[in-house]
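Beneath this line is the structure, given in C-alpha coordinates, with notes to follow.
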Amino acid sequence: MAEAKPEKLLVDGRRLDGRRPDELRPLRIKAGILKRADGSAYIELGKNKILAAVYGPKEMHPRHLQQADVAVLRCRYNMAPFSVEERKRPGPDRRSMEISKVIREALEPVLFLHLYPRAVIDVFIEILQADAGTRTAGITAASVALADAGVPMRDLVAGISVGKVDGTVVLDLMKEEDQWGEADMPVAVMPRRKCITLLQMDGNFTPQEFRQALDLAFKGVEQIYEAQKEALKEKYLPSLEEGR
Ligand code: ADP
(Lines give C-alpha, C1' and ligand atoms only; values in the text may rest on other atoms or scores of the structure.)
Protein backbone atom coordinates (compact mmCIF):
# COMPACT_ATOMS: atom_id res chain seq x y z
CA MET A 1 0.00 0.00 0.00
CA ALA A 2 1.26 3.50 -0.83
CA GLU A 3 2.49 5.37 2.21
CA ALA A 4 1.00 8.76 3.07
CA LYS A 5 3.11 11.83 2.38
CA PRO A 6 4.74 13.09 5.57
CA GLU A 7 3.66 16.64 6.44
CA LYS A 8 7.26 17.86 6.26
CA LEU A 9 10.43 16.36 4.84
CA LEU A 10 12.66 18.89 6.62
CA VAL A 11 12.23 19.95 10.25
CA ASP A 12 14.69 22.45 11.78
CA GLY A 13 17.17 21.73 9.02
CA ARG A 14 17.03 17.96 9.62
CA ARG A 15 15.71 15.36 7.22
CA LEU A 16 13.47 12.36 8.03
CA ASP A 17 16.50 10.25 8.92
CA GLY A 18 18.20 13.06 10.87
CA ARG A 19 20.66 14.07 8.13
CA ARG A 20 21.50 17.65 7.27
CA PRO A 21 20.84 18.71 3.63
CA ASP A 22 24.48 18.18 2.58
CA GLU A 23 24.99 14.76 4.21
CA LEU A 24 25.30 11.38 2.52
CA ARG A 25 23.68 8.29 3.94
CA PRO A 26 26.04 5.77 5.58
CA LEU A 27 28.21 4.36 2.79
CA ARG A 28 30.11 1.07 2.58
CA ILE A 29 31.86 -0.34 -0.47
CA LYS A 30 33.62 -3.68 -0.75
CA ALA A 31 35.64 -4.77 -3.78
CA GLY A 32 36.07 -8.30 -5.08
CA ILE A 33 33.42 -10.27 -3.28
CA LEU A 34 32.47 -12.78 -6.00
CA LYS A 35 34.84 -15.62 -6.76
CA ARG A 36 33.60 -16.44 -10.24
CA ALA A 37 33.27 -12.97 -11.73
CA ASP A 38 36.35 -11.27 -13.18
CA GLY A 39 35.59 -8.27 -11.01
CA SER A 40 32.93 -7.42 -8.46
CA ALA A 41 31.83 -4.92 -5.83
CA TYR A 42 29.13 -4.54 -3.21
CA ILE A 43 27.75 -1.21 -2.07
CA GLU A 44 25.47 -0.16 0.74
CA LEU A 45 24.22 3.41 0.71
CA GLY A 46 21.63 3.85 3.42
CA LYS A 47 19.13 1.08 2.81
CA ASN A 48 20.34 0.43 -0.76
CA LYS A 49 22.15 -2.89 -1.20
CA ILE A 50 23.66 -3.46 -4.62
CA LEU A 51 26.00 -5.98 -6.23
CA ALA A 52 28.01 -5.32 -9.38
CA ALA A 53 29.77 -8.06 -11.35
CA VAL A 54 32.02 -7.76 -14.40
CA TYR A 55 32.89 -10.45 -16.94
CA GLY A 56 35.48 -9.76 -19.59
CA PRO A 57 36.91 -8.42 -21.74
CA LYS A 58 36.13 -11.66 -23.60
CA GLU A 59 35.23 -12.58 -27.17
CA MET A 60 31.78 -11.33 -28.08
CA HIS A 61 29.17 -13.97 -28.86
CA PRO A 62 27.09 -13.94 -30.97
CA ARG A 63 29.74 -12.76 -33.39
CA HIS A 64 27.47 -10.51 -35.43
CA LEU A 65 27.36 -8.21 -32.37
CA GLN A 66 31.15 -7.75 -32.46
CA GLN A 67 32.58 -4.35 -33.32
CA ALA A 68 35.68 -4.61 -35.50
CA ASP A 69 37.58 -1.76 -33.81
CA VAL A 70 36.34 -1.60 -30.20
CA ALA A 71 35.00 -3.68 -27.35
CA VAL A 72 31.29 -3.46 -26.61
CA LEU A 73 30.31 -2.50 -23.10
CA ARG A 74 27.10 -4.28 -22.12
CA CYS A 75 25.31 -3.22 -18.92
CA ARG A 76 22.33 -4.82 -17.26
CA TYR A 77 20.59 -3.13 -14.33
CA ASN A 78 18.21 -5.53 -12.64
CA MET A 79 15.95 -5.14 -9.61
CA ALA A 80 15.35 -8.27 -7.54
CA PRO A 81 11.65 -9.01 -6.91
CA PHE A 82 12.28 -8.58 -3.17
CA SER A 83 14.18 -5.28 -3.52
CA VAL A 84 11.17 -2.99 -3.14
CA GLU A 85 8.13 -2.71 -0.86
CA GLU A 86 5.72 -4.48 -3.19
CA ARG A 87 7.11 -7.43 -5.12
CA LYS A 88 8.72 -6.23 -8.35
CA ARG A 89 7.78 -8.34 -11.37
CA PRO A 90 11.00 -10.12 -12.39
CA GLY A 91 12.69 -9.33 -15.68
CA PRO A 92 13.42 -6.24 -17.74
CA ASP A 93 10.96 -3.36 -18.05
CA ARG A 94 11.15 0.10 -19.60
CA ARG A 95 12.72 1.64 -16.50
CA SER A 96 15.47 -0.98 -16.16
CA MET A 97 16.23 -0.79 -19.88
CA GLU A 98 16.57 2.99 -19.71
CA ILE A 99 18.75 2.76 -16.60
CA SER A 100 20.96 0.09 -18.20
CA LYS A 101 21.50 2.43 -21.15
CA VAL A 102 22.39 5.50 -19.08
CA ILE A 103 24.71 3.41 -16.88
CA ARG A 104 26.54 2.19 -19.99
CA GLU A 105 26.89 5.76 -21.22
CA ALA A 106 28.12 6.88 -17.79
CA LEU A 107 30.85 4.21 -17.70
CA GLU A 108 32.04 4.19 -21.33
CA PRO A 109 34.09 7.42 -21.13
CA VAL A 110 36.54 5.91 -18.60
CA LEU A 111 37.24 2.71 -20.55
CA PHE A 112 39.81 2.15 -23.31
CA LEU A 113 37.44 0.11 -25.43
CA HIS A 114 39.67 0.35 -28.53
CA LEU A 115 42.19 -1.92 -26.75
CA TYR A 116 39.85 -4.89 -27.14
CA PRO A 117 38.39 -5.06 -30.66
CA ARG A 118 35.66 -7.69 -31.12
CA ALA A 119 35.41 -8.20 -27.35
CA VAL A 120 32.61 -7.60 -24.88
CA ILE A 121 32.72 -6.39 -21.29
CA ASP A 122 29.61 -7.41 -19.39
CA VAL A 123 28.51 -5.43 -16.34
CA PHE A 124 25.70 -6.77 -14.19
CA ILE A 125 24.13 -4.55 -11.55
CA GLU A 126 21.81 -6.39 -9.21
CA ILE A 127 19.64 -4.31 -6.92
CA LEU A 128 19.04 -6.44 -3.83
CA GLN A 129 17.39 -3.68 -1.81
CA ALA A 130 16.29 -0.30 -3.18
CA ASP A 131 15.78 2.98 -1.40
CA ALA A 132 16.30 5.62 -4.15
CA GLY A 133 19.56 6.48 -5.84
CA THR A 134 20.08 2.94 -7.13
CA ARG A 135 21.28 3.95 -10.62
CA THR A 136 24.01 6.18 -9.21
CA ALA A 137 25.03 3.73 -6.47
CA GLY A 138 25.03 1.04 -9.19
CA ILE A 139 27.45 3.13 -11.27
CA THR A 140 29.68 3.66 -8.22
CA ALA A 141 29.80 -0.12 -7.59
CA ALA A 142 30.21 -1.01 -11.28
CA SER A 143 33.25 1.21 -11.68
CA VAL A 144 34.90 -0.46 -8.64
CA ALA A 145 34.04 -3.86 -10.14
CA LEU A 146 35.62 -2.83 -13.48
CA ALA A 147 38.79 -1.76 -11.67
CA ASP A 148 38.72 -5.03 -9.71
CA ALA A 149 38.50 -6.90 -13.03
CA GLY A 150 41.73 -5.19 -14.08
CA VAL A 151 40.10 -3.38 -16.98
CA PRO A 152 42.30 -0.37 -17.88
CA MET A 153 40.53 2.86 -16.90
CA ARG A 154 41.21 6.60 -17.19
CA ASP A 155 39.46 7.29 -13.89
CA LEU A 156 36.72 5.82 -11.74
CA VAL A 157 33.09 6.98 -12.04
CA ALA A 158 31.23 7.99 -8.89
CA GLY A 159 27.52 8.69 -8.83
CA ILE A 160 25.10 10.38 -6.46
CA SER A 161 21.70 11.99 -6.66
CA VAL A 162 20.82 15.49 -5.53
CA GLY A 163 17.40 17.03 -5.32
CA LYS A 164 15.04 19.44 -3.65
CA VAL A 165 12.78 18.80 -0.69
CA ASP A 166 10.59 21.43 0.98
CA GLY A 167 12.37 24.05 -1.14
CA THR A 168 15.86 23.04 0.04
CA VAL A 169 18.56 21.49 -2.13
CA VAL A 170 19.68 18.18 -0.59
CA LEU A 171 22.30 15.50 -1.24
CA ASP A 172 21.55 11.79 -1.66
CA LEU A 173 17.77 11.50 -1.61
CA MET A 174 16.23 8.61 0.27
CA LYS A 175 13.02 6.95 -0.96
CA GLU A 176 10.57 9.32 0.76
CA GLU A 177 12.45 12.36 -0.53
CA ASP A 178 12.58 10.91 -4.05
CA GLN A 179 8.87 10.19 -3.88
CA TRP A 180 7.62 13.40 -2.26
CA GLY A 181 10.33 15.94 -3.06
CA GLU A 182 10.23 18.56 -5.79
CA ALA A 183 13.30 17.48 -7.77
CA ASP A 184 15.64 14.53 -8.20
CA MET A 185 18.85 14.80 -10.23
CA PRO A 186 21.15 11.78 -10.53
CA VAL A 187 24.71 12.77 -11.44
CA ALA A 188 27.80 10.66 -12.26
CA VAL A 189 31.27 12.15 -12.44
CA MET A 190 34.83 11.13 -13.33
CA PRO A 191 36.22 12.46 -10.05
CA ARG A 192 39.80 13.25 -11.07
CA ARG A 193 38.86 14.95 -14.31
CA LYS A 194 35.69 16.49 -12.89
CA CYS A 195 33.78 15.45 -16.02
CA ILE A 196 30.08 14.64 -15.82
CA THR A 197 29.13 11.36 -17.48
CA LEU A 198 25.48 11.21 -16.41
CA LEU A 199 23.00 13.92 -15.56
CA GLN A 200 19.27 13.36 -15.50
CA MET A 201 16.57 15.43 -13.89
CA ASP A 202 13.07 14.84 -12.69
CA GLY A 203 11.29 17.93 -11.35
CA ASN A 204 12.24 21.59 -11.31
CA PHE A 205 15.19 23.69 -10.16
CA THR A 206 15.71 27.42 -10.60
CA PRO A 207 19.06 28.12 -12.36
CA GLN A 208 20.50 29.06 -8.95
CA GLU A 209 19.24 25.85 -7.33
CA PHE A 210 20.63 23.86 -10.24
CA ARG A 211 24.12 25.31 -9.65
CA GLN A 212 23.80 24.68 -5.92
CA ALA A 213 22.69 21.09 -6.58
CA LEU A 214 25.60 20.49 -8.95
CA ASP A 215 28.08 21.86 -6.38
CA LEU A 216 26.56 19.56 -3.78
CA ALA A 217 26.79 16.58 -6.16
CA PHE A 218 30.51 17.27 -6.72
CA LYS A 219 31.06 17.42 -2.95
CA GLY A 220 29.22 14.11 -2.51
CA VAL A 221 31.20 12.53 -5.33
CA GLU A 222 34.48 13.39 -3.58
CA GLN A 223 33.41 11.38 -0.54
CA ILE A 224 32.25 8.50 -2.71
CA TYR A 225 35.52 8.52 -4.66
CA GLU A 226 37.45 8.21 -1.38
CA ALA A 227 35.32 5.21 -0.37
CA GLN A 228 35.88 3.62 -3.81
CA LYS A 229 39.65 3.98 -3.50
CA GLU A 230 39.56 2.65 0.08
CA ALA A 231 37.63 -0.43 -1.09
CA LEU A 232 40.21 -1.14 -3.80
CA LYS A 233 43.10 -0.55 -1.38
CA GLU A 234 41.51 -2.84 1.19
CA LYS A 235 41.54 -5.64 -1.35
CA TYR A 236 44.82 -5.01 -3.14
CA LEU A 237 47.20 -3.33 -0.68
CA PRO A 238 47.71 -6.39 1.57
CA SER A 239 48.75 -8.58 -1.37
CA LEU A 240 50.99 -5.83 -2.80
CA GLU A 241 52.68 -5.43 0.58
CA GLU A 242 53.14 -9.20 0.93
CA GLY A 243 54.81 -9.35 -2.47
CA ARG A 244 57.37 -6.70 -1.54
P1 ADP B 1 16.79 5.49 -8.61
O2 ADP B 1 16.77 4.25 -7.78
O3 ADP B 1 18.01 5.56 -9.48
O4 ADP B 1 16.61 6.75 -7.78
P5 ADP B 1 14.07 5.94 -9.58
O6 ADP B 1 14.08 7.41 -9.30
O7 ADP B 1 13.39 5.44 -10.82
O8 ADP B 1 15.59 5.40 -9.66
O9 ADP B 1 13.45 5.15 -8.38
C10 ADP B 1 13.52 5.62 -7.07
C11 ADP B 1 13.17 4.51 -6.12
O12 ADP B 1 11.83 4.12 -6.31
C13 ADP B 1 13.97 3.22 -6.31
O14 ADP B 1 15.28 3.28 -5.77
C15 ADP B 1 13.09 2.25 -5.58
O16 ADP B 1 13.26 2.38 -4.17
C17 ADP B 1 11.70 2.74 -5.98
N18 ADP B 1 11.19 1.99 -7.14
C19 ADP B 1 11.62 2.02 -8.39
N20 ADP B 1 10.97 1.15 -9.18
C21 ADP B 1 10.10 0.52 -8.39
C22 ADP B 1 9.12 -0.50 -8.59
N23 ADP B 1 8.92 -1.08 -9.78
N24 ADP B 1 8.40 -0.87 -7.53
C25 ADP B 1 8.57 -0.30 -6.32
N26 ADP B 1 9.49 0.65 -6.06
C27 ADP B 1 10.24 1.07 -7.07
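The values are calculated or read from the model by the stated rules, or taken from the named source; none is laboratory data. Source: prediction; values computed, not measured. Note that each Cβ is placed from the backbone with ideal geometry, even for glycine, and that neighbours are counted across all protein chains shown.
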Response to the item:
Within segment 131-168, of all residues that are hydrophobic (A, V, I, L, M, F, W, C) and within 11 Å of the ligand (Cβ to nearest atom), the one nearest to GLN179 (Cα to Cα) is ALA132
Discussion item. If HIS64 meets every condition in (1) without any contact (Cβ under 8 Å) to a residue 60 or more places away in the chain; (2) assigned to a loop (DSSP other than H, G, I, E, B); (3) more than 16 Å from the ligand (Cβ to nearest atom) apart from one, which number is that one?
Written reply: (2)
Worksheet item: Which one of these does TYR42 not meet: (1) within 30 Å of LYS235 (Cβ to Cβ); (2) assigned to a loop (DSSP other than H, G, I, E, B)?
Response: (2)
Item to complete: Please indicate, with yes or no, whether at least one residue in segment 101-115 is modelled with pLDDT under 95 and not β-branched (Val, Ile, Thr).
Response: no
Discussion item. I'm trying to understand the selection: among the residues of segment 89-112, which are assigned to a loop (DSSP other than H, G, I, E, B) and away from the ligand (no atom under 16 Å from the Cβ)?
Written reply: PHE112
Practice prompt. Please work out if GLU86 is within 13 Å of the ligand (Cβ to nearest atom) and either at pLDDT 95 or above or not in a strand (DSSP E or B) (or both).
Written response: yes
Response to the item:
Counting only residues that are within 14 Å of the chain's Cα centre (by Cα) and part of a loop (DSSP other than H, G, I, E, B), segment 123-169 contains a total of 6
Worksheet entry | One residue from LEU115, LEU198, LEU128 being more than 20 Å from ALA53 (Cα to Cα) and either within 16 Å of the ligand (Cβ to nearest atom) or of a type in the set (Lys, Arg) (or both) | LEU198
